Amino acid sequence: MSLRLFIVDDEAPARARLRDVLSDIALQCPHQVVGEAADAQSALDGLGALATEQFPDIMLLDVQMPGMSGIELAALIGAQLPVVPAIIFISAFDDFALKAFEVRALDYLLKPVRAARLAEALLRAAGLHHYQQEAIATMARELRSTRQHFPVHERDRLLLVPVAEVIYLKAESKYVTLRTSTREYLIEESLLSIEEELASVFVRVHRNALVARAAIIGVERCLDTWQVILAGTDQRLPISRRQWVIIKGLVR
């Protein structure tokens, strides 16, 4: 994994020295410097200009700078940004170490920074970043698996349609029609994403339709096509040849 770094130091020679040390450990710690700043305000402006995919994993942050200190900047970032990079402080003085860890700094390095010490801090940060990303992904999967409603936007209001009330979903043009026993709604989600997320609730009967497993009460033949019979509606949906075996197994 290549770490994205953002360097903040009011001294240009210090920033150049840090880039040199980073180049020495590039094989051990793959990285890219996505931004630099000489003061806190420039750092905030630089972060705000970055796209989401460029946002830094780690900030290498000087402590003593004109105006806002590195400690104050770290506290501000932690309070205001939705995604907070790991903070590694770099300072010529060890007096601020306690305050640095009060703002949840990952490490505190003294100048001049040694390559081995910087590599250790970055590798530790990389492990933490990976753990955080896994935790976020796990949380997202858990949220998806416990979804209880479909959000529906109508004019100037947002409706929440319970998943348990949906009889079928049918793809039509750019939208998906969601059908309950009382009415239809239009949503902008794709059938594929719904099928992957709620496979235990809905089953595909045709390339353009999902039906609630609990709503299936039978099948019937119409000319040369089988159709699914659903509770709560008189609407019959055709069953594709590919899905016929699956649907037939559900009504036995």
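Where a number appears in this text, it was derived from the coordinates with a stated rule and is not lab data. What you see is a predicted model; the values in this text were computed from it and never measured. Positions of Cβ are generated from backbone atoms using ideal geometry, with glycine treated the same way; all protein chains shown enter the neighbour counts.
A few remarks follow.
- Separation of segment 187-240 from segment 48-105 is 53 Å, based on Cα centroids.
- Estimated inter-spin distance, S42 and R183, nm [label 7 Å along Cα→Cβ]: 5.8
- Compared with the dominant principal axis of the Cα atoms in the chain, helix 70-80 is inclined by about 10°.
- Under 5 Å, built H, 5+ apart or other chain: amide partners of V219: I229
- The long axis of helix 115-145 is offset from the longest Cα principal axis of the chain by roughly 20 degrees.
- Around Y185: net Lys/Arg minus Asp/Glu count, Cβ-Cβ under 15 Å: 0
- Extension gain (nm, one decimal) between S173 and E102, 0.36 nm per residue minus Cα-Cα: 20.1 nm
- Each other residue within a Cβ distance under 13 Å of A215 adds +1 if Lys or Arg and -1 if Asp or Glu, for a net charge of +1.
- Legend: calculated FRET efficiency, E197 to L123, from the Cβ-Cβ distance at R0 = 41 Å, rounded to 0.05, equals 0.70.
- Residue (of C222, L158, L22) at the positive-pole extreme of the chain, dipole from beta-carbon charges: C222
- With Cα atoms, 0 to 90° folded angle of helix 241-250 axis to the chain main axis: 80
- With a Förster radius of 51 Å applied to the beta-carbon distance between K248 and T52, the computed FRET efficiency rounds to 0.65.
- Here the Karplus relation 6.51 cos²θ - 1.76 cosθ + 1.60, evaluated at θ = phi - 60°, turns the backbone of segment 192-205 into coupling constants of 4, 5, 5, 4, 5, 6, 10, 4, 6, 9, 10, 10, 7, 9 Hz, with x for every Gly and Pro.
- Ranked list, fewest to most other Cβ atoms within 10 Å of each Cβ, for Y175, Y185: Y175, Y185
- Of the GluC sites (Glu not before Pro) in segment 29-100, those whose Cβ has at most 16 other Cβ within 10 Å and which sit in DSSP loop: none
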